[in-house]
Structure formats: structure tokens, C-alpha cells
Amino acid sequence: MSQLQQISVLGATGSIGLSTLDVIARHPERYQVFALSGFSRLLELETLCLRFRPRFAVVPTAAVAVKLQGALQSGGLSTRVLVGEAGLCEVAAHPEVDTVMAAIVGAAGLKPTLAAVETGKKVLLANKEALVMSGALFMQAVRKSGAVLLPIDSEHNAIFQCLPGDYGRGLSQVGVRRILLTASGGPFRQTPLEQLQAVTPEQACAHPNWSMGRKISVDSASMMNKGLELIEACWLFDAKPAQIEVLIHPQSVIHSLVDYVDGSVLAQLGNPDMRTPISHALAWPERIDSGVAPLDLFAIARLDFQAPDEVRFPCLRLARDAADAGGSAPALLNAANEVAVQAFLQRRIRFPEIANVIAEVLNLAPTVAVESLEGVLQADAQARQLAEQWLQRHER
Ligand code: NAD
Ligand code: MG
């Protein structure tokens with residue numbers, strides 16, 4: 001590739017954002033940062049701006065923008081600071097941008113990610129919640145604009161690598177029997193069930209293999225992360241929920257597998273470091289150095305597998321049911337989960353209650369067909385309201 005790729009990194013101050021910038025910094029001859037966004041760690045955003053010298057930065061409020069603009073000007077930068085969702089959509093859709101890393105966490109990333117998709121960018125999708133919420137509309141927009149959608153989630157990136165290039169013809173057409181989605185089982189895989197009542201946010205966020213943001217860490221502990229990933233995989237690979245099997249693989253070395261009708265099973269392996277899928281997607285179809293150490297299979301020595309326990313992980317069943325129900329169900333599931341996880345992180349509810357909140361929201365809100373972004377946002381708002389009502393009734 002001869003020309004510098006212009007990249008907007010949405011959610012630059014997060015775990016995925018920082019890993020992305022680490023890879024970009026290794027290849028200054030290939031990639032240039034066009035825009036960086038941050039929502040909370042704003043001093044860190046300032047430091048990143050001084051280092052990567054983007055054309056634009058995006059922050060949540062006008063007051064913060066004025067402050068950052070001043071600091072960057074004193075640092076000799078001509079970076080323009082934009083504000084809020086409109087600013088995020090602007091840098092996602094800007095005509096000079098080639099690639100957008102969608103690494104905002106949660107529903108907040110939906111509109112900017114869609115803006116990148118609708119303008120036909122190369123979209124590196126970490127923000128799985130956006131796809132889970134709006135699956136049909138999102139994929140329709142990809143087809144319409146010709147955007148190149150590449151999965152950053154390590155499992156989906158692995159599946160993508162194990163599928164043939166023409167998998168878009170249909171999984172059965174290319175001989176796929178099923179997709180095997182691996183999960184680590186998180187920090188509570190072996191915790192006695194009665195102790196789950198008392199686990200803290202710190203314990204939930206202490207993932208055994210991956211270092212990640214707090215929301216996805218709690219999702220990994222409840223296995224809602226795998227539930228969201230099941231729905232994500234259905235949309236990315238045009239699979240039915242029944243074609244996807246979840247298996248617990250505690251070492252997180254196999255990132256997922258594809259099982260073919262002739263009995264071949266292809267897997268992608270690697271150290272649990274997000275710079276591998278990020279580098280893969282950034283350079284695709286080429287390969288570049290990611291900074292990740294080579295896999296030492298002798299040191300790993302063994303790979304274990306077990307079936308997930310739905311009593312321990314009720315969120316997995318809730319997500320599978322939402323995937324089967326379709327329509328607004330995944331958007332309801334996602335929003336209820338976001339509220340419940342936030343409440344758990346704020347110590348308003350106990351860990352096992354996360355599943356209770358989601359189950360009640362899905363019971364109370366009818367699943368309806370979703371034909372527009374409006375419909376998605378309505379389901380999202382309804383679920384947040386119902387989840388908040390649950391919290392008010394049950395708060396400790
Ligand atoms: P994180 O919490 O570390 O970072 C989130 C980023 O989003 C930060 O830059 C934050 O400032 C920004 N942000 C948060 N709320 C926002 C809002 N309301 N508006 C605008 N920006 C906002 O999270 P992360 O671990 O980097 O995860 C990001 C996304 O990638 C999530 O969707 C997650 O599921 C997905 N993902 C992460 C990993 C991982 O290893 N961390 C792996 C697979 C997928
Ligand atoms: Mg994942």
C-alpha cells in the first residue's frame with residue numbers, strides 16, 4: 001500500500017483505542033491518525049493528541065472542548081476540537097477518512113458507527129453493542145454503501161480468518177456446518193454459586209486472561225459478553241443462532257473455530273492480546289507486525305474445553321432467546337444489560353441480579369419488528385426505563 005491510510009479512532013482513550021494506537025505507531029509509513037475521541041480520561045486524550053497530532057479531536061461537552069482546544073493550541077497543534085455525537089459522526093463520515101475504528105463502548109457508539117458504515121468506510125468493529133442493537137439495519141447499510149466491515153472482537157476476527165473469502169454466498173454454500181465460539185468463562189467460572197451474591201466489581205473486572213474496559217469485563221464475568229457475541233456472529237456471518245455453539249476454553253488461546261461438513265475444523269490461535277485482531281483488520285488482506293509475542297505452545301502445554309453451565313450463566317440463555325426472537329429483542333437485551341452492569345459497578349445491585357433485571361425487561365417489553373433506527377432507539381429507551389424501574393423497586 002503506497003498511500004497513508006487516514007484513521008479515525010472512536011474511543012481512543014479506552015482499552016481497544018490504546019491498543020489500536022499502539023499498532024498504528026508501529027507503522028507510520030502506513031497509517032495516520034485523522035481523529036481521536038475520548039469521553040472521560042481527557043488528560044489522556046490531550047497527551048494522545050500531542051503524540052499523534054490528529055486533524056480532529058472529539059469530546060463530550062463544549063466546556064471540555066474549549067479547554068482542550070486551548071491546551072492543544074499552546075502545544076503548537078492545529079487540531080480542531082469537536083463536540084458530542086455530532087462531532088463523532090462528523091469524524092466517522094469525513095470524506096478524507098479511509099478507516100474508522102469503532103471502539104466506543106455500548107449504545108453510545110451506534111450512531112457514529114452507522115455514520116462510518118453509511119459513508120462506505122473500512123469499519124473496524126469493536127463496538128459489538130451497535131451491531132447487536134441494530135443488526136438488520138446495520139447490515140443493510142453495509143451492503144448499500146459497500147463499506148468493508150471487519151470484526152475486531154477476537155472470536156469474530158478468528159472466525160473471519162477461518163472462513164473462505166466467499167463466505168458471503170452463505171455458510172452452507174461454502175460447506176460450513178457450525179461455528180464454535182470460544183469463551184474463557186471469566187473470573188467466576190469455578191466460584192461456588194452461593195458466593196456469586198457477594199462478588200465485588202473489582203473481582204468481576206479482574207479477568208484471568210484479558211485486560212479490558214470495565215463494562216466488557218463484567219459482561220465476560222456474566223457471559224453476557226458471549227451472548228452479545230452470539231448475536232454479533234449471526235449478523236456478521238449470516239448464521240442462525242442454532243449454527244453457533246459456545247464452548248468454554250479457559251486458556252483463551254483458540255479464539256474460535258469453524259467446523260466444515262467434511263469434518264475439518266479450522267481454528268485461529270494466538271496470545272490473548274487484542275493487537276492481533278486489530279493488526280489483522282487494519283492491514284487486511286495484508287499482514288503486519290502487531291507487537292504481540294509469538295505463541296509458545298510448549299509453555300501453554302494444554303488446551304481445555306467444557307460446555308457452559310446455564311445455571312451459573314443465565315445471561316447466555318437470555319441472549320440466545322433474544323437472538324431467536326429477533327426484532328427488537330436484542331436491542332432490549334443490550335440496553336437492559338447496560339443499565340444493570342452500570343448498577344452493579346456502582347454497587348446498587350448484586351452480581352446475580354444483572355440477569356434478573358434483563359429477564360424482567362424482556363418479559364415486560366414486547367418484542368416488535370424493527371424497521372428503522374427510530375424503532376431501535378425506542379426499544380433501547382423502553383428497556384432502560386423498565387430496568388431503572390426494577391432498580392428502584394429492588395435497590396439495596
Ligand atoms: P473502555 O471502557 O476501555 O473504552 C471505551 C471508550 O469509549 C473510551 O474511549 C471512552 O472514553 C469512550 N466512551 C465511553 N462512553 C462514551 C460515550 N457515552 N460517548 C462517547 N464515547 C464514550 O472499553 P473497551 O474495553 O476498549 O471496549 C470498547 C468496545 O470494544 C466495547 O464495545 C467492547 O465490547 C469491545 N471489545 C473490547 C475488547 C477488549 O479487549 N477491551 C475486546 C473485544 C471487544
Ligand atoms: Mg470477544
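The values are calculated or read from the model by the stated rules, or taken from the named source; none is laboratory data. What you see is a predicted model; the values in this text were computed from it and never measured. Note that we place each Cβ from the backbone using ideal geometry, even for glycine, and neighbour counts take in every protein chain shown. Side chains included, ligands, DNA and RNA excluded: accessible areas come from the protein's heavy atoms. Shrake-Rupley method; radii C 1.70, N 1.55, O 1.52, S 1.80 Å.
Tabulated data
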| item | result |
| --- | --- |
| Computed [θ] at 222 nm, deg cm²/dmol, the chain (DSSP H ≥ 4; -39,500 (n - 2.57); rounded to nearest 500) | -14500 deg cm²/dmol |
| VAL81 - accessible surface, heavy atoms, 1.4 Å probe, Å² rounded to 10 | 20 |
| Under-5 Å amide H pairs with VAL246, H placed in peptide plane, nonlocal only | LEU181 |
| Too-long pairs where the Cα-Cα distance tops 27 Å, listed order kept, from LYS111/LYS144; LYS144/LYS226; LYS111/LYS215; LYS111/LYS226 | LYS144/LYS226 |
| Listed residues ALA329, GLN173, LEU77: farthest to the positive end of the dipole of the chain (Cβ charges) | LEU77 |
| Accessible surface of the chain, 1.4 Å probe, proportion on carbon and sulfur as whole % | 52 |
| Accessible surface, the stretch 326-396, averaged per residue in Å² (probe 1.4 Å) | 46 |
| At R0 = 51 Å, FRET efficiency that the Cβ-Cβ distance of TRP284 and THR61 yields, to 0.05 | 0.90 |
| Order of exposure, largest accessible area first, which applies to VAL97, VAL292, VAL83 with probe 1.4 Å | VAL83, VAL292, VAL97 |
| The stretch 153-320 - accessible surface per residue (Å², probe 1.4 Å) | 43 |
| Net lengthening on full extension, LEU193/GLU371 (0.36 nm per residue, minus Cα-Cα) | 60.0 nm |
| DSSP H segments from the chain that extend 30 Å or more along their own axis, Cα-based, with Kyte-Doolittle mean of 0.0 or above | none |
| About the Cα centre, charge dipole magnitude for the stretch 40-91 (Lys/Arg +1, Asp/Glu -1 at Cβ), debye | 180 |
| Extension gain from SER145 to GLN3, taking 0.36 nm per residue of separation minus the Cα-Cα distance | 48.9 nm |
| The stretch 103-208: C-alpha gyration tensor shape, a/c 1.5 cut-off, then a/b vs b/c | oblate |
| Which of CYS89, CYS162 is most accessible, then next, and so on - probe 1.4 Å | CYS89, CYS162 |
| The stretch 5-151, dipole about Cα centre (Lys/Arg Cβ +1, Asp/Glu Cβ -1), debye to the nearest 20 | 120 |
| Taking the stretch 217-291 and dividing mean pair separation by its residue count, relative contact order in percent (alpha carbons under 8 Å, at least six apart) | 15 |
| Computed over the chain: relative contact order in percent, which uses C-alpha pairs under 8 Å that are six or more apart | 14 |
| Distance in nm between pseudo-label sites at LEU266 and LYS240 (7 Å out along the Cβ direction from Cα) | 2.3 |
| Extension gain (nm, one decimal) between ARG51 and ASP324, 0.36 nm per residue minus Cα-Cα | 93.7 nm |
| Of all DSSP beta bridges in the chain, antiparallel share, percent nearest 5 | 25 |
| In the stretch 272-340, the GluC sites (Glu not before Pro) that fall in loop regions by DSSP, at most 15 other Cβ within 10 Å | GLU286, GLU310 |
